[in-house]
Amino acid sequence: MSVTPSRTPGSTPPSARSRWSAAAIGILGFLAVLYVVEAVDVALGQRLDTAGIRPRDVDGLSGVAFAPVLHDGWDHLFANTGPLLVLGFVLLLSGIGRAVAVTAVIWIVGGLGTWLTGASGSIHIGASILVFGWLAYLIVRGVFTRDIGQMALGFVVLVIYGGLLWGVLPTEERVSWQGHLFGALAGVLAAWMFASGRRRTDPTRAPSPHGR
């Protein structure tokens, strides 16, 4: 005989608790990596920063892989920490696999866009590529999936962090607006890519009259 364990009224279901725990552990773990990397960078006299994206330099193309984990000092990292923590946590609530896939698209496309369009002789570093990518993804995801809940969440994210989107404009010389712009564009691309896949595989979607 099986016995269904009782649950206190109003308590969070185990599946929801595990999802929240995994999201918290995931984003805190990622932030821990960023802080360890910055501590090593500071100890080395910020020599790691030269491994960032150097536009249209073949050797600098490898910076696409490293730029999001490098920062120009603690102030730069502190400025990114809040948005990374909140947006990363919300993204991870949709599942580790989905979050990793979305981040990979933003990381690569945002980095390549920066490499192609950045100023010659400059070096681009910082997790703001991910911040802008995650922000754009969360804002527009519901539009592509036609999910009311995701649309509502996207609106809340827009209200709280929408002001950051001004960063896609070339307003400050030392700010990588290219990274912001292409990170955001990559976030929209990721939202479209994964929403399209969801619609193709959604068994509840009614077939068209032509059977296609």
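Derivation of every value follows stated rules applied to the coordinates shown; laboratory data play no part. Here the structure is a predicted model, which means the values were calculated and not measured. Neighbour counts are summed over all protein chains in view; Cβ atoms, including those assigned to glycine, are modelled from backbone coordinates with ideal geometry.
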| note | The extension gain from residue 96 to residue 28, computed as 0.36 nm times the residue separation minus the Cα-Cα distance, is 23.1 nm
| remark: Rounded to the nearest 10, the angle in degrees between the Cα long axis of helix 14-43 and the longest principal axis of the Cα atoms of the chain comes to 10
| field | Projected-area mean, segment 102-185, by convex hull of Cα positions, square nanometres | value | 5.4
| message | Nearest 500 deg cm²/dmol is fine: what mean residue ellipticity at 222 nm does the chain get from its DSSP H runs of n ≥ 4 alone, each adding -39,500 (n - 2.57), divided by its residue count? | response | -21000 deg cm²/dmol
| request: Give the Rg (one decimal place) followed by the Dmax (whole number) of the chain, computed from C-alpha coordinates and expressed in Å. | output: 19.6, 72
| request: Using only the Cα atoms of segment 32-131, each taken as one equal point scatterer with no solvent, compute I(q) by the Debye sum, divide by I(0), and report log10 of the ratio at q = 0.20 Å⁻¹. | output: -1.01
| field | Cα centre as origin, Lys/Arg/Asp/Glu Cβ charges: segment 3-127 dipole, Debye | value | 660
| request: Would you work out the charge dipole size for the chain about its Cα centre, treating the Cβ of every Lys and Arg as +1 and the Cβ of every Asp and Glu as -1, and quote it to the nearest 20 debye? | output: 1220
| query | If the viscosity is 0.692 mPa s and the temperature 37 °C, what Stokes-Einstein diffusion coefficient in µm²/s follows for segment 17-75 when Rh is the Kirkwood radius over Cα pairs? | reply | 256
| task | Choose one answer from 88, 162, 113: the residue with the largest mean-square fluctuation in a GNM of the chain with alpha-carbon springs under 10 Å. | result | 162
